[in-house]
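The values are calculated or read from the model by the stated rules, or taken from the named source; none is laboratory data. Here the structure is a predicted model, which is why all the values come from computation and not from measurement. Positions of Cβ are generated from backbone atoms using ideal geometry, with glycine treated the same way; all protein chains shown enter the neighbour counts. Accessible surface is based on the protein model in full, side chains and every heavy atom, while ligands, DNA and RNA are left aside. Shrake-Rupley method; radii C 1.70, N 1.55, O 1.52, S 1.80 Å.
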Amino acid sequence: RNKSFYQTQFMSEAELDEIISHLDDQYQSIALVMAYTGLDSSDAVNLKWRDVSLKDGMIRTKRGKICNRISIPLAQVVSNVLLFRNRVRRLHDDRVFNVGTQGFQKAWKRSLKKPA
């Protein structure tokens, strides 16, 4: 949709695994959800349990600033992450991840700079 954005190189699964291995545990699950759903960091960090249907295997959420409704089927990796997160979730909090966007972005940038 963004005509000025051209992706010329994509990350391999091995590269993704390497970067994720450098992240703290609290950020690894967010990175996996982003990689396998296409959600950006803000949408992933702000994901709510009411948007997740583990039974149907779908995430139904609003995306971006203009709040387009989207449905994303869950890959097995994402289902596993969400099932684990569901076991350790705070019942009074509807957020899937209890971290901030800025904290995740800083951790991601640090992990990109670490040597392989």
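Rolled with a 1.4 Å probe across the full set of protein chains, the surface gives Met34 an accessible area near 50 Å². Net charge near Trp108, counting Lys/Arg +1 and Asp/Glu -1 over other residues with Cβ under 15 Å of its Cβ? Taking every other residue near Trp108 into account, the sum is -2.
Diagonalise the Cα gyration tensor of the chain and give the resulting equivalent ellipsoid semi-axes, square root of 5 times each eigenvalue, largest first, whole Å. Could the numbers behind the result be given before it?
On the way: eigenvalues 100, 69, 40 Å².
After diagonalising the Cα gyration tensor, the semi-axes are 22, 19, 14 Å.
Under the criterion of Cα pairs below 8 Å and six or more residues apart, the relative contact order for the chain equals 30 percent.
Run the paramagnetic zone check for Asn98: 7 angstrom along Cα to Cβ, then residues of region 49-84 with backbone nitrogen under 16 Å. Once the point is set 7 Å along Cα→Cβ of Asn98, 49, 84 turn out to lie under 16 Å by backbone N, inside region 49-84. Accessible surface for the chain, divided over its residues, is 70 Å² per residue with a 1.4 Å probe. Considering only Ala107, Asn46, Leu82, whose Cα is most displaced toward the positive end of the charge dipole of the chain, charges sitting on Cβ of Lys, Arg (+1) and Asp, Glu (-1)? Comparing the listed Cα positions along the dipole, Asn46 ranks first. Here's the list of aspartates and glutamates a cross-link from Lys62 could span, going by alpha-carbon distance under 13 Å and ignoring same-chain residues fewer than 8 apart: Asp40, Asp43, Asp51.
With a 1.4 Å probe and all protein chains left in place, how much of the accessible area of the chain comes from carbon and sulfur atoms, in whole percent?
Roughly 50 percent, rounded to a whole number.
Of the residues Asp94, Asp56, Asp25, the one with the largest accessible area comes first in the ranking Asp25, Asp56, Asp94, computed with a 1.4 Å probe on protein heavy atoms. Free of any trypsin sites (Lys or Arg not before Pro) that DSSP assigns to a loop and that have at most 16 other C-beta atoms within 10 Å, the longest stretch within the chain is 4-54. Projected label points at Asn68 and Asp17, each 7 Å from Cα along the beta carbon direction, are separated by 3.2 nanometres.
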